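Undergrad: Structure incoming, see below.
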Amino acid sequence: MSGRTCLGCAAALDDPFLDLGAQPLANALVRPEDAARPEPRFPLAVAYCANCHLVQLTETAPPEALFGEYLYFTSFSEHFLAHARAMADTLIARFALSPTRRVLEIASNDGYLLQFFQARGVPVLGVEPARNVAAVATARGIPTLTRFFGPDAVEEIVGGFGRAEVIVGNNVLAHVPAINGFLDAVAACLTPDGAAVFEFPYLGDTLARTAFDTVYHEHVFYYSLAAVARLAARARLEIFDVDLQPVHGRSLRVFVQHPGARPVTPAVARLHREEAAAGLTSAARYTSFSREVAKLCRDLTQTLRRLRADGRRLAAYGAPAKATVLLNACGIGTDLLEFTVDRSPHKQGRLIPGVRVPIRPVEDLVREMPDFTLLLPWNLAEEIVAQQADYLRKGGAFIVPVPTPRIIDAARMPRADL
Ligand SMILES: [Zn+2]
């Protein structure tokens with residue numbers, strides 16, 4: 001036992017099954033002028049609660065450190081925007097949203113999702129704690145409260161905007177250490193027949209893909225349906241539908257309501273059964289995951305070292321949080337990678353935390369023509385490979401790190417020599 005208690009049910013927590021040691025904050029990209037200064041590091045370890053199945057970090061970093069200046073602007077990914085538009089269309093149709101039925105989004109980012117509701121006349125309110133990101137949303141005409149959502153935000157939301165027919169939280173449930181109070185606040189902001197829709201990276205998929213690079217300080221929780229269902233019940237809410245979405249690998253979308261508001265779909269019981277069969281509710285599965293992670297890191301670094309020893313030039317694509325995690329956890333730095341590239345001008349010119357790999361514009365890939373490029377946002381691999389047809393045509397190749405390292409070249413076929 002770790003001596004710590006579960007953030008969901010307060011039971012004693014098992015020892016972490018995955019311990020990545022002291023790691024820098026994954027999104028705290030380093031300015032070149034700060035390159036010589038050490039950055040803050042926080043422990044990064046994940047444990048499984050055998051009592052309520054909630055997978056969680058054993059320690060959390062201070063929220064001010066995590067969200068003060070958040071450089072991830074969702075709108076930069078075409079894939080993500082298409083997904084957001086589809087989500088808005090689906091929710092407008094399913095819950096009969098209209099100019100008199102409101103949508104509240106928690107962690108609304110730059111308004112990437114609410115813009116699609118607003119364009120169809122649905123009243124919207126965003127809640128976004130990152131000041132610089134909320135300012136972008138407000139400038140775009142999306143009403144946004146700059147604050148953390150939780151019990152102390154209920155009065156301002158219900159008083160100023162009203163209870164919402166639909167509450168959306170994309171990639172937020174994983175970020176909130178005080179999860180019980182958060183869900184109590186969701187219940188308080190939801191109309192009696194309302195639906196809260198949460199989407200988050202699905203733990204079942206994380207395990208299946210050995211996608212340990214989704215483990216970072218912002219992500220306090222790694223959810224199975226089993227764990228979310230228990231948390232919802234504690235807030236007197238009920239999951240009435242589930243849907244797996246092809247985003248960030250595979251995300252789980254859960255639909256939550258006041259109990260009995262509408263029938264529960266058969267998909268809920270089906271996924272509960274699948275999770276039990278896949279071992280998500282047993283500690284042994286997490287131990288085997290940890291072994292798979294160690295093997296992935298070993299295989300990947302050996303491959304890169306071999307290529308480097310053969311005189312090949314290596315670079316990376318992308319500077320998402322998962323890049324920081326994977327490069328630092330596996331110990332892949334500037335001894336192997338010359339640089340990484342990213343489409344976001346906010347990231348270009350900075351350095352990946354910890355390993356200090358410089359981030360350059362995407363055009364530098366074709367300009368420099370590294371022989372191999374480690375494709376770090378593997379969830380966007382298809383989109384990136386399509387955008388980089390030139391690089392591949394000229395002889396470049398991508399290495400996709402998970403679930404096991406594989407090469408994509410001009411023929412887009414995994415090559416046998418890896
Ligand atoms: Zn628990």
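The values are calculated or read from the model by the stated rules, or taken from the named source; none is laboratory data. On a predicted model such as this, the values are computed, not experimentally measured, just so you know. With ideal geometry, Cβ positions are generated from the backbone for all residues, glycine too; neighbour counts draw on all protein chains shown. Please note that ligands, DNA and RNA were not included when accessible areas were found on the heavy atoms of the full protein model with its side chains. Shrake-Rupley method; radii C 1.70, N 1.55, O 1.52, S 1.80 Å.
Undergrad: Could you look through region 351-400, keep only residues that are outside any helix (DSSP H, G or I) and among the polar types (S, T, N, Q), and pick out the one that is surrounded by the fewest Cβ atoms within 10 Å (Cβ to Cβ)?
TA: That would be Q388.
Undergrad: Among the candidates E238, E274, single out the residue that is away from the ligand (no atom under 16 Å from the Cβ), closer than 23 Å to S290 by Cα and surrounded by fewer than 23 Cβ atoms within 10 Å (Cβ to Cβ).
TA: One residue alone meets the criteria, E274.
Undergrad: Taking region 256-268, which residues are open to solvent by 50 Å² or more (accessible area, probe 1.4 Å) and of a type in the set (A, V, I, L, M)?
TA: V264, the sole residue that qualifies.
Undergrad: Could I ask something else about it? Taking region 163-203 only, how many residues are open to solvent by less than 20 Å² (accessible area, probe 1.4 Å) and polar (S, T, N, Q)?
TA: 2
Undergrad: Consider F116 carefully, then state whether it is modelled with pLDDT of 95 or more, open to solvent by 10 Å² or more (accessible area, probe 1.4 Å) and under 22 Å from H79 (Cα atoms).
TA: Taking the combined requirement at face value, the residue satisfies it.
Undergrad: So E274 fits all but one of (1) under 14 Å from L207 (Cβ atoms); (2) free of Cβ contacts under 8 Å to residues at least 40 places away in the same chain; (3) acidic (D, E); what number is the exception?
TA: Status for E274: all satisfied but (2).
Undergrad: Here's something else I'd like to know. Any residue in region 157-182 that is within 17 Å of V122 (Cβ to Cβ) and in a strand (DSSP E or B) sitting within a Cβ distance under 9 Å of a residue that is open to solvent by 40 Å² or more (accessible area, probe 1.4 Å) and acidic (D, E)? List the pairs, counting only those 6 or more apart or interchain.
TA: E165/D193
Undergrad: Then there is this: Among the numbered conditions (1) in contact (Cβ under 8 Å) with a residue 24 or more places away in the chain; (2) under 20 Å from the mean Cα position of the chain (by Cα); (3) crowded, with 22+ Cβ neighbours inside 10 Å; (4) not in a helix (DSSP H, G or I), tell me where T206 comes up short.
TA: (4)
Undergrad: Follow-up question, since we're still on this one. Taking only region 401-410 into account, find how many residues are open to solvent by less than 10 Å² (accessible area, probe 1.4 Å) and of a type in the set (A, V, I, L, M, F, W, C).
TA: 2
Undergrad: Here's a follow-up. Which one of L252, L244 is closer than 30 Å to G21 by Cα and either in contact with a helix residue (DSSP H, G or I) (Cβ under 7 Å, 6 or more places away or on another chain) or not hydroxyl-bearing (S, T, Y) (or both)?
TA: Just a single option satisfies the conditions, and that option is L252.
Undergrad: Return the total of residues in region 121-156 being touching a residue at least 60 places away in the same chain (Cβ under 8 Å) and either farther than 25 Å from E218 by Cα or open to solvent by less than 20 Å² (accessible area, probe 1.4 Å) (or both).
TA: Final tally of qualifying residues: 2.
Undergrad: Still on this model: Can you tell which of A86, A61, A36 is more than 16 Å from the ligand (Cβ to nearest atom), modelled with pLDDT under 90 and over 18 Å from the mean Cα position of the chain (by Cα)?
TA: A36
Undergrad: Among the residues of region 5-29, which ones are among the hydrophobic types (A, V, I, L, M, F, W, C), open to solvent by less than 50 Å² (accessible area, probe 1.4 Å) and within 16 Å of the ligand (Cβ to nearest atom)?
TA: C6, C9, A11, L13, F17, listed by residue number.
Undergrad: Determine if region 209-221 includes at least one residue that is of a type outside the set (V, I, T), surrounded by fewer than 23 Cβ atoms within 10 Å (Cβ to Cβ) and out of contact with any helix residue (DSSP H, G or I) (no Cβ under 6 Å at 6 or more places or on another chain).
TA: Within region 209-221, one or more residues are of a type outside the set (V, I, T), surrounded by fewer than 23 Cβ atoms within 10 Å (Cβ to Cβ) and out of contact with any helix residue (DSSP H, G or I) (no Cβ under 6 Å at 6 or more places or on another chain).
Undergrad: Let me ask something else about it. Among T281, T287, which is surrounded by fewer than 22 Cβ atoms within 10 Å (Cβ to Cβ) and in a loop (DSSP other than H, G, I, E, B)?
TA: On inspection, the qualifying residue turns out to be T281.
Undergrad: Something else now. Which one is farthest from L173 (Cα to Cα), of the residues in region 30-47 that are touching a residue at least 60 places away in the same chain (Cβ under 8 Å) and open to solvent by less than 20 Å² (accessible area, probe 1.4 Å)?
TA: Restricting to residues being touching a residue at least 60 places away in the same chain (Cβ under 8 Å) and open to solvent by less than 20 Å² (accessible area, probe 1.4 Å), the top hit is V30.
Undergrad: Same structure, new question: Does region 48-56 contain at least one residue that is open to solvent by less than 50 Å² (accessible area, probe 1.4 Å), closer than 16 Å to A174 by Cα, polar (S, T, N, Q) and more than 16 Å from the ligand (Cβ to nearest atom)?
TA: Just the residues of region 48-56 that are open to solvent by less than 50 Å² (accessible area, probe 1.4 Å), to begin with: 48-49, 52-56.
So of that shortlist, the ones also closer than 16 Å to A174 by Cα come out as 48-49, 52-56.
Checking the rest, the ones that are also polar (S, T, N, Q) come to 56.
Still in the running and more than 16 Å from the ligand (Cβ to nearest atom): none.
No, every residue in region 48-56 fails to be open to solvent by less than 50 Å² (accessible area, probe 1.4 Å), closer than 16 Å to A174 by Cα, polar (S, T, N, Q) and more than 16 Å from the ligand (Cβ to nearest atom).
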